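S.K.: Pasting in a structure now, in structure tokens, and then I'll have a few things to ask.
The values are calculated or read from the model by the stated rules, or taken from the named source; none is laboratory data. Note that the structure is a prediction, hence the values are computed from the model and not measured. Cβ: placed from backbone, ideal geometry, glycine included. Neighbour counts: every protein chain shown. These area figures cover heavy atoms from the full protein model, side chains too; ligands, DNA and RNA do not enter into them. Shrake-Rupley method; radii C 1.70, N 1.55, O 1.52, S 1.80 Å.
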Amino acid sequence: MSAAVDQARDEALQGLAQAASAEALEAWRIDWLGSKGRLKGLMSSIRDVEPSARKAFGQALNDLKGTLESAFEARAAASSDAAQPLDVTEPGTEPRGGARHIISRTIEDMLDVFARMGFTPVTGPEVEDERHNFTALNVPEAHPAREPSDNFYLQDGHMLRSQTSTVQIRVLEQTPPPVRIVAAGRVYRPDTHDATHYSMFHQVEGLYVDRSVTIVDLKTTLLAFARSFFGPDAEVRMRPSFFPFTEPSAEVDMKMKIKGRWQWVELGGCGMVDPAVLTQVGIDPETWTGFAFGLGVERIAMRRWGIPDIRWLFENDERFLRRI
Ligand code: DAH
């Protein structure tokens, strides 16, 4: 009797392979697996089998049933995929375009302006050592800027840089003057976050060292930047200040148009490179002089785009990112 089962299997599978449409598949299912189908017929023929062989016959029929059912399911699944082919003309979900972040765009624009004035963009590491962040910049050991509460200190004299002035030292160590560079990047200070403070922000640092650089060159450069960046009516104001790495030092304000009104905005610091800094990196301050400046990127971006809260820049809220 097992020959009958084998024969039924061959015949059924052959028929299934030939069923080319949904209707033919359904007809096959009714023919073989239906309640009055051929499998059922074979099962009732068990009565005619010798009692000693019934068990084996029943087993073989059960196997056949399993085989036919799974073959049918596989075939039906494949043909239903084929029945719903991919319609490439159907409108899909439109992917939303990404955009460069407002801070990246501001930095890019600033570097463009400085590049046109002959400043080469460079970068420096965000994990720095105290020598580059403080000592070589003429910041004394006991200076309050070194306070642990004002800096992110890491291990072994390392820290997250608190200012991009570090890059001045990195460049002067490597490159004999004349040098004219701009360095943009992140800086870190453990501030409590509020509308105007964040523990990470961005600066654009400039450095020009040559044989006879004067404070007039500094002011001229900043003014040229302001006019190119904010428009031909922009102005620059330098207010005397103190930084350990410049002498004299000044705070830089730029007059820019905000919502139709011209306003002074404090943007950073600047000054003539202190001879002690040049000496630290083995450059003779009798031959070389220089100026340096550091400008806050967030201040510029926030004023320019009317962003009232610095936290909006870094929280990655799509509602904000999509609007600017
Ligand atoms: N590094 C200073 C700060 O973060 C800003 C600064 C002041 C940079 C004077 C300079 C400079 O290059 O000459 O507050």
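S.K.: Among 127, 88, 122, which is in contact with a strand residue (DSSP E or B) (Cβ under 7 Å, 6 or more places away or on another chain) and surrounded by fewer than 12 Cβ atoms within 10 Å (Cβ to Cβ)?
M.R.: After ruling out the rest, the residue left standing is 127.
S.K.: Within region 137-174, can you find the residues that are assigned to a helix (DSSP H, G or I), among the polar types (S, T, N, Q) and touching a strand residue (DSSP E or B) at 6+ places or on another chain (Cβ under 8 Å)?
M.R.: 166, 168
S.K.: Report the residue count in region 286-297 for those that are more than 10 Å from the ligand (Cβ to nearest atom) and either closer than 19 Å to residue 167 by Cα or assigned to a strand (DSSP E or B) (or both).
M.R.: Residues in region 286-297 being more than 10 Å from the ligand (Cβ to nearest atom) and either closer than 19 Å to residue 167 by Cα or assigned to a strand (DSSP E or B) (or both): 3 in total.
S.K.: What about residue 187, is it more than 12 Å from the ligand (Cβ to nearest atom), out of contact with any helix residue (DSSP H, G or I) (no Cβ under 7 Å at 6 or more places or on another chain) and β-branched (Val, Ile, Thr)?
M.R.: no
S.K.: Kindly indicate whether any position in region 62-70 is in the same structural domain as residue 29 (by TED's automatic domain parsing), of a type in the set (Asp, Glu), more than 53 Å from the chain's Cα centre (by Cα) and open to solvent by less than 90 Å² (accessible area, probe 1.4 Å).
M.R.: yes
S.K.: Here is a follow-up. Considering 276, 301, which residue is within 19 Å of residue 243 (Cβ to Cβ), in contact (Cβ under 8 Å) with a residue 24 or more places away in the chain and either polar (S, T, N, Q) or more than 12 Å from the ligand (Cβ to nearest atom) (or both)?
M.R.: On inspection, the qualifying residue turns out to be 276.
S.K.: Of all the residues that make up region 193-231, how many are among the β-branched types (Val, Ile, Thr), crowded, with 19+ Cβ neighbours inside 10 Å and under 20 Å from residue 256 (Cα atoms)?
M.R.: Within region 193-231, residues that are among the β-branched types (Val, Ile, Thr), crowded, with 19+ Cβ neighbours inside 10 Å and under 20 Å from residue 256 (Cα atoms) number 2.
S.K.: Do you know which of the residues in region 307-323 that are part of a helix (DSSP H, G or I) and more than 10 Å from residue 193 (Cβ to Cβ) is least open to solvent (accessible area, probe 1.4 Å)?
M.R.: The residue in question is 313.
S.K.: Here is a follow-up. Show the residue pairs that are 6+ apart or on different chains and have beta-carbon atoms under 7 Å apart, the first residue being within region 116-136 and under 14 Å from residue 207 (Cα atoms), the second being open to solvent by 70 Å² or more (accessible area, probe 1.4 Å) and outside any loop (DSSP other than H, G, I, E, B).
M.R.: From region 116-136, the pairs are 118/180; 119/180; 120/180; 124/170.
S.K.: Do you know which residues across region 282-306 are crowded, with 18+ Cβ neighbours inside 10 Å and of a type in the set (A, V, I, L, M, F, W, C)?
M.R.: 283, 288, 291, 292, 293, 295, 297, 300, 301, 302 - these are the residues of region 282-306 that are crowded, with 18+ Cβ neighbours inside 10 Å and of a type in the set (A, V, I, L, M, F, W, C).
S.K.: Additional query: If the Cβ limit is 8 Å and pairs must be 6+ apart or interchain, which residue in region 91-104 that is within 24 Å of residue 304 (Cβ to Cβ) pairs with which residue that is open to solvent by 70 Å² or more (accessible area, probe 1.4 Å) and of a type outside the set (Phe, Trp, Tyr)?
M.R.: 100/108
S.K.: Let me confirm something: among 196, 221, which residue is within 14 Å of the ligand (Cβ to nearest atom) and out of contact with any strand residue (DSSP E or B) (no Cβ under 6 Å at 6 or more places or on another chain)?
M.R.: Being within 14 Å of the ligand (Cβ to nearest atom) and out of contact with any strand residue (DSSP E or B) (no Cβ under 6 Å at 6 or more places or on another chain) holds for just one of 196, 221, which is 221.
S.K.: For region 239-255, give me the residue count where each residue is open to solvent by 20 Å² or more (accessible area, probe 1.4 Å), closer than 26 Å to residue 132 by Cβ and more than 9 Å from the ligand (Cβ to nearest atom).
M.R.: Result for region 239-255: 3.
S.K.: A follow-up question, please. Suppose the filter is within 31 Å of the chain's Cα centre (by Cα), in the same structural domain as residue 109 (by TED's automatic domain parsing) and either over 19 Å from residue 182 (Cβ atoms) or open to solvent by 50 Å² or more (accessible area, probe 1.4 Å) (or both); does residue 266 pass it?
M.R.: Against the criterion (within 31 Å of the chain's Cα centre (by Cα), in the same structural domain as residue 109 (by TED's automatic domain parsing) and either over 19 Å from residue 182 (Cβ atoms) or open to solvent by 50 Å² or more (accessible area, probe 1.4 Å) (or both)), residue 266 qualifies.
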